[in-house]
Amino acid sequence: MYRALLLVLVALAGCGSFAGGDAPGVTVEGAVDADRLLAADARVRDATSYRVVRNVTVRGDGWTTRADRVRDANGTAAYQRLDITESARLGAVVGRGEVWTNGSAVYVRTYAPDGTRIERGRLPSEPRHYALLTELRGRLLRAGEFRAEPTDGGAVLRSAGDLTLSGNPVAFSVGDPRNVTARVTVAESGLVESVRVAYDAPFRGEFVRVEIRHRVVAVGETTVERPAWTTED
């Protein structure tokens, strides 16, 4: 009896999962395999629909700028909207924008902070500042070491030591991140449900504080309709 129990415990330890929760790419010791986890996340997203809500806040000395994005995805179709408030200090030329794609065609409509339309029409690819939303989780999980804590529905990953998040992950002209901390919530399926990142960045002789909050909602319940403006002449 004792030998059988020992064999069961050894088998469970070797499966690389938590006792109270499970997530692909997360070991029983709490280590994180970023590539395996991101592959599982991609499989889940490819098989369902969802909405991503991302909020970026940049705080300087006596001022704050905020960028809010919402991206609906369903199969190869996706629609994303961007709204920026108090953009003057960071020199942002865009106040509001939209992008729609069916997986091959990409249409964009962009407005300046004063409401003037800057562009509308088909582009060869998704503009860089829109693509930042989909790149964040991969860049972050490969930026350094994370330690995982089990939850009933999966795991919570916390940054362990310094993270090297190279390049600017936000659509503002601030310098590279420093003193990066992060928290990532992962479901049992491997879906990266939420991301929180905070860091300092140089900007015009001072350091600003950047905070990013990114969460996935309405999984399996999101529809994407083609906007009328993408078919207008």
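The values are calculated or read from the model by the stated rules, or taken from the named source; none is laboratory data. Computed from a predicted structure; not experimentally measured. For neighbour counting, all protein chains shown are included, and Cβ atoms are generated from backbone atoms with ideal geometry for every residue, glycine included. The area values use the complete protein model at the heavy-atom level, side chains included, leaving out ligands, DNA and RNA. Shrake-Rupley method; radii C 1.70, N 1.55, O 1.52, S 1.80 Å.
Does segment 85-95 contain any residue that is at pLDDT 90 or above and basic (Lys, Arg)? Within segment 85-95 (the criterion being at pLDDT 90 or above and basic (Lys, Arg)), the answer is no, since none of the residues qualifies.
Among the residues making up segment 205-232, those that are touching a Lys or Arg at 6+ places or on another chain (Cβ under 9 Å) and not in a strand (DSSP E or B) are Ala218, Val219, Glu221, Thr222, Pro227, Trp229, Thr230, Glu232.
Once segment 203-214 is narrowed to residues that are open to solvent by 40 Å² or more (accessible area, probe 1.4 Å) and of a type outside the set (Lys, Arg), the residue that is nearest to Leu132 (Cα to Cα) is Glu211.
Scan segment 102-124 and tell me whether some residue there is within 16 Å of Arg196 (Cβ to Cβ) and either of a type outside the set (A, V, I, L, M, F, W, C) or open to solvent by less than 70 Å² (accessible area, probe 1.4 Å) (or both). Within segment 102-124, not a single residue is within 16 Å of Arg196 (Cβ to Cβ) and either of a type outside the set (A, V, I, L, M, F, W, C) or open to solvent by less than 70 Å² (accessible area, probe 1.4 Å) (or both). In segment 125-133, is there at least one residue being farther than 29 Å from Asn179 by Cα, out of contact with any Pro (no Cβ under 8 Å at 6 or more places or on another chain) and either of a type in the set (Gly, Ala, Ser) or open to solvent by 20 Å² or more (accessible area, probe 1.4 Å) (or both)? Scanning segment 125-133, I find at least one residue that is farther than 29 Å from Asn179 by Cα, out of contact with any Pro (no Cβ under 8 Å at 6 or more places or on another chain) and either of a type in the set (Gly, Ala, Ser) or open to solvent by 20 Å² or more (accessible area, probe 1.4 Å) (or both), so the answer is yes. Within segment 179-202, the residues that satisfy the criterion of being of a type in the set (Val, Ile, Thr) and either crowded, with 18+ Cβ neighbours inside 10 Å or within 12 Å of the chain's Cα centre (by Cα) (or both) are Val180, Val184, Thr185, Val186, Val192, Val195, Val197.
The condition (being at pLDDT 95 or above and in contact with a Lys or Arg (Cβ under 6 Å, 6 or more places away or on another chain)) is satisfied by just one residue among Val108, Val53: Val53.
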